[in-house]
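Report on the following structure.
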Amino acid sequence: MLPLLLIACELPQQSSHTVLPASDSKGAQLMKKYCSDCHAPPSPAAHTAKEWPNVIYRMQERRRMKAYTLIDENEERLLLDYLKEFAKS
Ligand code: HEC
């Protein structure tokens, strides 16, 4: 029984409720804070490290349009570090 459970936990999470990698990290917390206003935080594996800065830029523009609190410079850096660490290769 136990080995089976362990295997189940290692399956990739692709359900609608995205389980973020390192879910207790600062980066994952920022994802929940700044993405959930509009949609479930996407998996960092949705984009490559090279693509993420543009996506975050676009999402920041969307926050601006809605007059939501903007992601500050320091948080943006942490968010990008996090996304890049778990990005698609
Ligand atoms: C103000 C609303 C809003 C917020 C906040 C927001 N998004 Fe989005 N996001 C959208 C909308 C609308 C779309 C669909 C249109 C598009 O792709 O631009 C989208 C689509 C996406 C997509 C799929 C399209 C693509 O380019 O891959 C990704 C990935 C994404 N968002 C990432 C994020 C991340 C990461 C955050 C948090 C840092 C975030 N979003 C926060 C509105 C938002």
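A compact table of results
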item	result
Among (1) more than 8 Å from the ligand (Cβ to nearest atom); (2) surrounded by 12 or more Cβ atoms within 10 Å (Cβ to Cβ), the one test that residue 46 misses	(1)
Any pair with Cβ under 8 angstrom, 6 or more apart, that starts in the stretch 48-75 at a residue that is among the small types (Gly, Ala, Ser) and ends at one that is in a helix (DSSP H, G or I)	49/83; 49/84
Pairs where the first residue, in the stretch 23-35, is more than 10 Å from the ligand (Cβ to nearest atom) and the second is part of a loop (DSSP other than H, G, I, E, B) and not hydroxyl-bearing (Ser, Thr, Tyr), C-beta under 7 Å, 6+ apart	28/20; 28/22
Condition check for residue 64: more than 22 Å from residue 23 (Cβ to Cβ) and within 8 Å of the ligand (Cβ to nearest atom)	no
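None of the figures in this text is laboratory data; all of them are computed from the coordinates on show. For clarity, every value in this text was computed on a predicted model and none was experimentally measured. Methodologically, a virtual Cβ is constructed for each residue, glycine included, from the backbone with ideal geometry; neighbour enumeration extends over all protein chains shown.
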